[in-house]
Amino acid sequence: MNFMKGMYLIWPDYDYIDKAIDAGIDTLLVNLEINNNEEIEKIFKKYSSRVNCIPVRAWLGRDKIIPQEQRFFNGSVYYKHVQCPTNVEYIKSLLKQPLNLVNRYNCNTIGIDFEYYLADIKYYEEWENGHQCRCEQCKSLSEREQRVNNAELIRQELKGNKLYHLPVVNPYLWQIGEVWCNEFTYEDMYDYGKILKNTYKIKSEFNVTTDNVSGLWVEKFTAKDYLKALEKSIKSPANDGYWLYPQMRMSRNCYWRLEPESDWAKESLPDLPYQSLIDSIGSDSDPNFFIKLRELNDSIDELRNGLVYNIKSAIYKFFR
Ligand SMILES: [Zn+2]
């Protein structure tokens with residue numbers, strides 16, 4: 001694949017989306033859970049002819065109450081927030097909106113976020129931990145068979161669209177997906193070893209490989225360090241792309257600016273060490289941020305070439 005330059009959209013701010021696209025961002029990962037329908041339509045209408053627009057559906061989570069007959073049954077409890085792996089109705093219902101979007105806007109990729117988001121169990125993260133559904137439909141199947149079926153049903157219901165999977169390490173999902181949007185580099189610009197450790201495990205045990213695109217959380221870095229981290233990610237042959245994860249530094253209408261007095265804002269703001277707009281004036285920001293981002297993106301071919309890069313790349317291929 002071409003080196004992907006992605007950006008996740010949550011509380012979209014159109015000025016910042018435009019600046020990012022002008023600076024070379026070529027893929028938008030559009031959150032379907034928090035953005036409202038009107039906003040989602042606007043993003044696809046405005047940008048799907050210019051860049052790769054990918055609707056991203058969260059698969060599990062405390063906010064999803066699953067109908068009784070679609071729930072995971074552990075032998076005594078029907079989990080309210082985890083689906084029965086072989087239930088196709090659940091898969092269909094979650095893919096309805098993203099399929100509708102990609103069909104209408106001629107896109108070809110759907111993102112699925114498999115993080116557990118406080119659901120009853122970390123079903124997709126803990127694929128080695130013995131989570132076997134014991135409902136009527138599943139009870140004759142081993143856990144492995146259930147997981148294979150689950151991935152195959154998802155693949156079928158994607159109707160030929162590509163899958164970008166966030167952010168879990170899971171051989172069954174990697175088998176049906178194109179790109180792993182990882183979060184190991186969210187806060188740490190140097191830790192590519194973690195990525196290779198995981199790709200090596202899945203490759204050696206399951207013979208499955210995937211392209212990898214690294215997420216970098218904007219609020220965790222100063223503007224200067226963020227650009228450094230992006231450069232680092234471009235230079236790493238462990239990566240096939242990067243994705244920006246901005247919550248408030250590229251949005252004037254993010255939750256924390258609109259609802260600063262809410263409990264959630266008060267609780268979560270301390271986790272966001274840098275909060276100013278990324279291109280404002282200040283010690284953490286840089287008014288030339290997007291010019292520098294453009295320069296960085298323009299130099300990708302150069303940065304991913306040369307003797308050292310090519311030797312590293314040949315070695316890394318063994319691990320991924
Ligand atoms: Zn089941």
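Since every read-out is calculated from the coordinates, none of them should be taken as a lab result. The model shown is predicted, which means the values in this text are computed figures rather than measured ones. For neighbour counting, all protein chains shown are included, and Cβ atoms are generated from backbone atoms with ideal geometry for every residue, glycine included.
Consider the range 112-154 and keep the residues that are of a type in the set (A, V, I, L, M, F, W, C) and within 9 Å of the ligand (Cβ to nearest atom). The one that is surrounded by the fewest Cβ atoms within 10 Å (Cβ to Cβ) is Leu141.
Being over 17 Å from Leu94 (Cα atoms), of a type in the set (A, V, I, L, M) and touching a residue at least 40 places away in the same chain (Cβ under 8 Å) is a property that does not hold for Leu153.
Pairs are defined by a Cβ separation below 7 Å, a sequence spacing of at least 6 or placement on different chains, a first member in the range 84-95 that is of a type in the set (Lys, Arg), and a second member that is more than 12 Å from the ligand (Cβ to nearest atom); the pairs so defined are Lys92/Glu157. The set of residues from the range 1-44 being basic (Lys, Arg) and crowded, with 20+ Cβ neighbours inside 10 Å comprises just one member, Lys5. Here the condition is being in contact with a Leu (Cβ under 7 Å, 6 or more places away or on another chain) and surrounded by 12 or more Cβ atoms within 10 Å (Cβ to Cβ); of Tyr309, Tyr255, Tyr316, Tyr274, it holds for Tyr316 alone.
Screening Val179, Val208 for residues that are in contact with a Phe, Trp or Tyr (Cβ under 8 Å, 6 or more places away or on another chain) and buried (at least 19 other Cβ atoms within 10 Å of the Cβ) leaves exactly one candidate, Val179.
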